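**Q** One structure, as structure tokens, below. Some questions next.
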């Protein structure tokens, strides 16, 4: 406990799912966490999911705040890191978790659909990294983690699920492949400045409250699923250790380092990299 004390982390797409799990795990280690999402509720109030996420972290003894930003809008995200730093001080850690997909066959993906995905999934993370880098360089330390996907690689034949599922994820996977490559180059550029940049992807499916649409796939192939705690633990390692330009997967990283998987509040050890997923998990 306490690996992130006196650090401020910005986590995008953090109102639920993987982003919220990472934020909770970081808060348990002492980080002050700024949760970002694009949703606002009525009368200018934060949408229930984001407001509830902040309350949940606070109830667990953590420190958190929320900020709304449409990451698909270049102007809206232009000063996001500066605005996030107004809550608890300069941002030491950026986790680019927010992403979006238009499920379509690669032969039919329109220019508009492809452009939207590339802007949100590639340009936005790079923009936030570039915003954070000057301050990180000045302080001589920093961590940036881009959340990627196994869809960056073409699935092997025979497909583990359906052919259509393998095909319609292609355009989204292409954005993640681009993000992986850019991350590696950027990481090696700034490593000498004490800044560590990496990408992390789940092995396949992370079962959270936002993953209902893939739960049937996980039931058919349980080995394709993993607990959200595995991703959160791997993210913690990459945002506190000295890893440079890793394009890695959650279970593989933890197994290679012999690290345990802890609960999101950090209070108990749940297992190791082979921890099975609860197919009804709602974390």
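What follows is calculated from the coordinates using simple rules that are stated; it is not laboratory data. What you see is a predicted model; the values in this text were computed from it and never measured. Ideal geometry is used to build each Cβ from the backbone, glycine not excepted, and the neighbour counts take in all protein chains shown.
**Q** Hey, could you check segment 242-279 for residues that are touching a strand residue (DSSP E or B) at 6+ places or on another chain (Cβ under 9 Å) and in contact (Cβ under 8 Å) with a residue 60 or more places away in the chain and say which is farthest from residue 208 (Cα to Cα)?
**A** The extreme case among them is 245.
**Q** Follow-up. Just for segment 4-19: of the residues that are touching a residue at least 40 places away in the same chain (Cβ under 8 Å) and surrounded by fewer than 23 Cβ atoms within 10 Å (Cβ to Cβ), which one is farthest from the chain's Cα centre (by Cα)?
**A** The extreme case among them is 8.
**Q** Quick one: residue 98 ticks every box in (1) farther than 30 Å from residue 163 by Cβ; (2) in contact with a strand residue (DSSP E or B) (Cβ under 6 Å, 6 or more places away or on another chain) except a single one, so which number is it?
**A** (1)
**Q** Counting just the residues of segment 153-173 that are free of Cβ contacts under 8 Å to residues at least 60 places away in the same chain and in a helix (DSSP H, G or I), which one comes out nearest to the chain's Cα centre (by Cα)?
**A** Checking each candidate, the answer is 173.
**Q** Filter segment 24-37 for residues that are touching a residue at least 60 places away in the same chain (Cβ under 8 Å) and farther than 14 Å from residue 81 by Cβ; which is surrounded by the most Cβ atoms within 10 Å (Cβ to Cβ)?
**A** 26
**Q** Pick out the one residue from 252, 219 that is part of a helix (DSSP H, G or I) and over 29 Å from residue 2 (Cβ atoms).
**A** That would be 219, the only listed residue that is part of a helix (DSSP H, G or I) and over 29 Å from residue 2 (Cβ atoms).
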